Amino acid sequence: MSDARTNLRAGLIGSSIQASRTPTMQMREGAAQNLDYSYEIFDLDVMPGGPASLPSLLDRLQAEGYAGVNITHPAKQQVIDLIDDLSPDARAIAAVNTVTFGTGKRVGRNTDWWGFAEAFRRGLPTVPLGRVMQLGAGGAGAAISYALGQLGAGEVWIYDLDEQRAQVLADRMNQSSESTRFKASFDIARDFVTCNGLVHCTPMGMTKYPGIALDPDLISPNHWVSDIVYVPLETELLRVARAKGCQVLDGSGMAVFQAVGAFEYFTGLPANPDRMQSYFDAFELA
Ligand code: NAD
């Protein structure tokens with residue numbers, strides 16, 4: 001087993017992760033705290049067996065004394081069948097992005113939702129949350145719905161090109177939420193005008209998927225706009241919203257705080273969020 005402060009090892013398992021900023025954030029924060037901490041990439045694309053090698057990879061890392069691993073696309077759901085305990089938030093979201101081995105048991109958790117919630121609290125601390133439009137009901141969208149519930153949203157309308165996906169997510173979230181009502185939206189033009197703000201969770205706006213996922217004319221200066229896309233940080237959606245005078249939040253905070261949460265699970269020590277943000281920003285400029 002790894003000692004609490006020496007030979008601490010963790011890593012990231014997923015596909016197409018060579019350009020991920022998470023290893024840099026994790027390693028630099030470990031160095032800043034004088035920890036003997038390493039964080040490796042385990043790219044399923046280059047593993048013999050591909051994504052099917054996940055079970056044996058987890059077995060190996062646990063046997064070798066790793067503190068834990070982050071899990072990303074395409075394994076966040078697949079890993080659920082390979083762990084012993086699931087945290088209540090990961091169960092509600094139906095996705096795991098952090099596995100710890102520390103107690104001899106594999107525990108699956110989700111720091112994506114907490115990352116978004118923490119970034120939102122800091123970046124948009126005073127915006128109204130009576131009615132929120134969420135665009136996108138995929139893997140990240142499930143974490144955002146859960147976060148909006150934890151942030152105290154009154155109603156969350158979920159819109160997705162795949163209407164059934166929006167409905168399934170809304171139904172699932174209603175099962176785990178006591179005070180937030182989740183509804184699928186099938187007419188974004190009609191429903192968005194009644195909303196206080198928007199959280200965008202589709203791939204639109206990424207460098208490889210340019211554009212905006214809704215008609216920009218629907219956005220008014222009274223709306224706040226949060227985009228979880230972070231490549232690039234200034235998406236077309238944020239540019240339009242900023243130009244209209246909306247309060248906006250980019251996707252960097254979610255990426256930073258998911259790493260802050262995971263660092264604490266792996267090392268037992270709190271990470272410094274401002275330092276983590278500076279590592280993320282330096283990567284952006286590199
Ligand atoms: P995904 O493929 O699982 O889901 C995307 C969903 O968007 C799908 O359900 C799809 O039907 C829907 N969609 C696509 N285009 C649409 C449109 N024009 N209108 C309405 N719905 C549309 O992807 P994901 O894993 O949920 O990730 C979504 C994006 O979130 C990623 O591209 C990434 O940029 C971002 N992300 C950011 C962070 C972060 O830390 N900031 C973390 C995870 C994901």
Self-check item: Any hit, the range 105-125, residues being surrounded by fewer than 21 Cβ atoms within 10 Å (Cβ to Cβ), part of a loop (DSSP other than H, G, I, E, B) and small (Gly, Ala, Ser)
Solution: no
Quiz item: Scanning the range 120-137 for residues that are under 23 Å from residue 270 (Cβ atoms) and more than 13 Å from the chain's Cα centre (by Cα), which turns out nearest to the ligand (Cβ to nearest atom)?
Solution: 123
Quiz item: Among (1) under 22 Å from residue 147 (Cβ atoms); (2) within 18 Å of the chain's Cα centre (by Cα); (3) surrounded by fewer than 19 Cβ atoms within 10 Å (Cβ to Cβ), which single condition is residue 96 missing?
Solution: (3)
Quiz item: Mind checking which residues of the range 25-77 are over 21 Å from the mean Cα position of the chain (by Cα) and of a type in the set (Val, Ile, Thr)?
Solution: 46
Self-check item: Test: residue 203 is within 16 Å of the ligand (Cβ to nearest atom) and over 26 Å from residue 126 (Cβ atoms)
Solution: yes
Quiz item: In the range 211-240, which residue that is buried (at least 24 other Cβ atoms within 10 Å of the Cβ) and over 15 Å from residue 123 (Cα atoms) is farthest from the ligand (Cβ to nearest atom)?
Solution: 237
Quiz prompt | Filter result for the condition that a residue is surrounded by fewer than 17 Cβ atoms within 10 Å (Cβ to Cβ), closer than 21 Å to residue 203 by Cα, of a type in the set (Asp, Glu) and out of contact with any helix residue (DSSP H, G or I) (no Cβ under 6 Å at 6 or more places or on another chain), over 162, 85, 81 | solution = 162
Quiz item: Of the residues that make up the range 168-181, is at least one within 15 Å of the ligand (Cβ to nearest atom), over 30 Å from residue 269 (Cβ atoms), in contact with a Gly (Cβ under 8 Å, 6 or more places away or on another chain) and not β-branched (Val, Ile, Thr)?
Solution: yes
Practice problem: Confirm whether residue 140 is within 24 Å of residue 220 (Cβ to Cβ) and within 10 Å of the ligand (Cβ to nearest atom). | Solution: no
Quiz item: Residues of the range 46-68 being at negative phi, at pLDDT below 95, of a type outside the set (A, V, I, L, M, F, W, C) and exposed (fewer than 12 other Cβ atoms within 10 Å of the Cβ), which ones?
Solution: 48
Quiz prompt | Any hit, the range 148-159, residues being farther than 26 Å from residue 274 by Cβ and loosely packed, with under 14 Cβ neighbours inside 10 Å | solution = no
Quiz item: When only residues in the range 241-255 that are part of a helix (DSSP H, G or I) and of a type in the set (A, V, I, L, M, F, W, C) count, which is farthest from the ligand (Cβ to nearest atom)?
Solution: 243
Quiz prompt | Which listed residue is within 11 Å of the ligand (Cβ to nearest atom) and of a type in the set (Gly, Ala, Ser), from 90, 95, 117 | solution = 95
Self-check item: Residue match in the range 67-83 (condition: without any contact (Cβ under 8 Å) to a residue 60 or more places away in the chain, of a type in the set (Gly, Ala, Ser) and outside any strand (DSSP E or B))
Solution: no
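The values are calculated or read from the model by the stated rules, or taken from the named source; none is laboratory data. Bear in mind that the values here come from a model prediction, so they are computed numbers and not experimental data. Glycine gets a Cβ as well: all are built from the backbone with ideal geometry, and neighbour counts include every protein chain shown.
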